[in-house]
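Chemist: Take this structure first; my questions come after.
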Amino acid sequence: MLDMESEVVIRTEGLTKIFEKGKKREVIALDNVDLEIRKGEVFGLLGPNGAGKTTLIRILVGLLTPTAGNASVLGRDVVKEIDDIRERVALLPQEAGIYDRLTAQENLVYYGGLYGIPKEELYERADSLLETVGLLEKKDYQVKGFSGGMKRKVLVARALIIEPEIIFLDEPTTGIDTIGARVVRNLLKKLSKEEQLTIILTTHDLNEIGELCDRVGILNEGKLAAVGKSSELEEKFRAANLEEVFTGLVTGEGVYAE
Ligand SMILES: Nc1ncnc2c1ncn2[C@@H]1O[C@H](COP(=O)(O)OP(=O)(O)O)[C@@H](O)[C@H]1O
Ligand SMILES: [Mg+2]
């Protein structure tokens, strides 16, 4: 739930990432991004392929360092104080792997073990999370028989076993069928309502934004082209819907801010 009074948990200022590709070519993956996200918010990062969504998330969890500008998560600098952040934020990567031959429960317990969480605690958390995602009865089944949606639910549960304050989900519904995607969306809605969790997700699905997100940031060629509630953006760009805002900003045709 978005509450404009609540504290800022993510802040970027002039955040820039340049990848060197060979001697002369470089890619500006992020270009001077200023962004604030508040506690409890569900924030959607929308953008076409190559817009910089994954790069932004990877910087915020300390997997990449910025070329310029800065970013803080939970009040800590993502470069200098990353060790204070790591165990408080979870990431579901775009290409998340799952251990097919482990059971649902084993997947969670194994992952949590990497963070040094005690065994007993892990089994308790795993049961509770598998219940939350609706897979408790399946906890002793090998994941390999699961549908795409079920696997994604295990991955979300696995990311949550560290009891993070923020979860980043990079395209959590891409590549699964319609029903699976719905299942994952419903889960995220439930988590947002019931837990004090800040959720940042990337997507190129406009419906997903409308359904899930309190606010959206539109990234295009590394630039944050617009940020706000869907309704605010529609008004600002005098568009009928978010799709019009999005295609207008990305193609450079048809929308103009007042
Ligand atoms: N490790 C990397 N090395 C070189 N270029 C990269 C790397 N990661 C991303 N890029 C480039 O940065 C741009 C943004 O990529 P990315 O953040 O993955 O976009 P998105 O997630 O929005 O599809 C793209 O042009 C991509 O090719
Ligand atoms: Mg990506």
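What follows draws every value from the coordinates through simple rules; no lab data is involved. Owing to the predicted nature of the structure, the values given are computational and were not obtained by experimental measurement. Here the Cβ is made from the backbone with ideal geometry for all residues, glycine too, and neighbour counts use every protein chain on show.
Chemist: Under the definition of Cα pairs under 8 Å and six or more residues apart, what whole-number percent is the relative contact order of the chain?
Modeler: Relative contact order of the chain: 24 percent.
Chemist: Mean-square fluctuation check for the chain, GNM, Cα pairs under 10 Å: which of LEU63, LEU45, LEU129 is largest?
Modeler: LEU63
Chemist: Enumerate the calculated ³J(HN,Hα) couplings along the stretch 125-131 in order (Karplus 6.51 cos²θ - 1.76 cosθ + 1.60, θ = phi - 60°), each rounded to whole Hz, writing x wherever the residue is Gly or Pro.
Modeler: Couplings: 4, 4, 4, 5, 5, 5, 5 Hz.
Chemist: Moving to a separate point now. What's the local net charge at GLY47, with K and R +1, D and E -1, over the other residues with C-beta under 15 Å away?
Modeler: -2
Chemist: Among the lysines, which have Cα under 25 Å from the Cα of LYS190 when same-chain residues fewer than 8 positions away are ignored?
Modeler: In chain and number order, the partners are LYS39, LYS53, LYS138, LYS139, LYS151, LYS153, LYS229.
Chemist: Quick one: if the Förster radius is 41 Å, what FRET efficiency do GLU137 and THR65 give, using the C-beta to C-beta distance and rounding to 0.05?
Modeler: 0.40
Chemist: Right, next: Any idea how far apart GLN94 and LYS144 come out in nm if each label point goes 7 Å out from Cα toward Cβ?
Modeler: 2.9 nm
Chemist: Give the calculated FRET efficiency between GLU81 and THR247 to the nearest 0.05, with a Förster radius of 30 Å applied to their Cβ-Cβ distance.
Modeler: The pair GLU81/THR247 has a calculated efficiency of 0.15.
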